[in-house]
Amino acid sequence: MTDPTIQATGIGRRMGSGFKDHTSHRFGRLVAVHLAPKTDRHTRWDCICDCGATVTVMAASLTSGDSRSCGCLAREMAAAVTRARSTHGHAGRSNGKAAPSPTYVSWYSMVKRCLNPTSSRYDKYGARGISVCERWRAFENFLADMGERPTGTSLDRIDVNGNYGPGNCRWATPRQQARNTTRNHRVSFRGETLTVIEWAEGVGVSGSSMWRRLKRWPVERALTESASGRAERR
């Protein structure tokens, strides 16, 4: 049966049964408002961006993720790069003789994977709803809050399902980050919840040994017996 809303507006008659009505649907920062006038074989939608601008976008670009804003995302990134380069020098010189600082590289990668649909990592971040707070879209604010990146660390979210912003980020070593992934298994015992690695460290065994213990032994023995074979007091 034909959708009565589409039939009433005449859209269904115009586009045929294969038409998909995107009215009020959100695509990144864009919300489709109404079907644009037909000028060629491509279907286009008039959209309003979160920044307030209006733009006409091909339907295929909306559904593929190629268009996620009126262009303001790209402008914000370009402006932030310019500010970082001119104000702090962290972005390096445009003539290629100076490389970006490690702090800038971390910031730029964070912004790109969350806000740029063309990023190879966008599907794991921006597409999942993970974003960057407004304050941190300016490099100088990120630098003021986080400080310069210490050697041997990278940017890590404390809540792996949360956004990037003050209070949820830290400079962490690879070992700290390994403990803070969505794949990390946690075990609760006597009111305490720790990762398998943390339980292993507590009794002096390796992480792989603790995994074997948990598969073969009762939880109490696995989590309390030290490497020497004696139960640890907790």
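Before moving on, here are some points about what is shown:
- For Arg44, distant residues with modelled amide H under 5 Å away: Ala36, Ala59
- Rounded to whole numbers, the Karplus 3J(HN,Hα) couplings from phi for the range 126-133 are x, 5, 8, x, 7, 10, 10, 4 Hz, using 6.51 cos²θ - 1.76 cosθ + 1.60 with θ = phi - 60°, and x at Gly and Pro.
- Extended-chain gain in nm, criterion 0.36 nm per residue less alpha-carbon gap, Ala178 and Ser24: 51.4 nm
- Converting phi to 3J(HN,Hα) with the Karplus coefficients 6.51, -1.76 and 1.60 and the offset θ = phi - 60°, the range 144-161 yields 5, 7, 9, x, 6, 5, x, 4, x, 10, 8, 6, 9, 8, 5, 9, 5, 9 Hz in sequence order, with x at every glycine or proline.
- Length gained when the stretch Arg128-Glu192 is fully extended (0.36 nm per residue, less Cα-Cα span): 20.0 nm
- With R₀ fixed at 45 Å, the C-beta to C-beta distance from Asp145 to Arg216 puts the FRET efficiency at about 0.45.
- A simple spin-label model places the labels of Lys38 and Asn168 4.4 nm from each other, with each point 7 Å out along Cα-to-Cβ.
- The range 117-166 shape via C-alpha gyration tensor axes, a/c threshold 1.5: prolate
- Ranking of His42, His25 by count of other Cβ atoms within 10 Å, fewest first: His42, His25
- Distant-in-sequence amide H partners of Phe27 (H built 1.01 Å from N, under 5 Å): Ala32
- Amide hydrogen proximity for Cys169: with H placed 1.01 Å from N in the peptide plane, the residues at 5 or more positions away or on another chain lying under 5 Å are Ile158.
No value in this document is a laboratory result; all are computed from the given coordinates. All of these numbers come straight from a predicted model, not from anything done at the bench. Because the Cβ atoms are built from the backbone with ideal geometry, glycine has one as well, and the counts that use them run over all protein chains shown.
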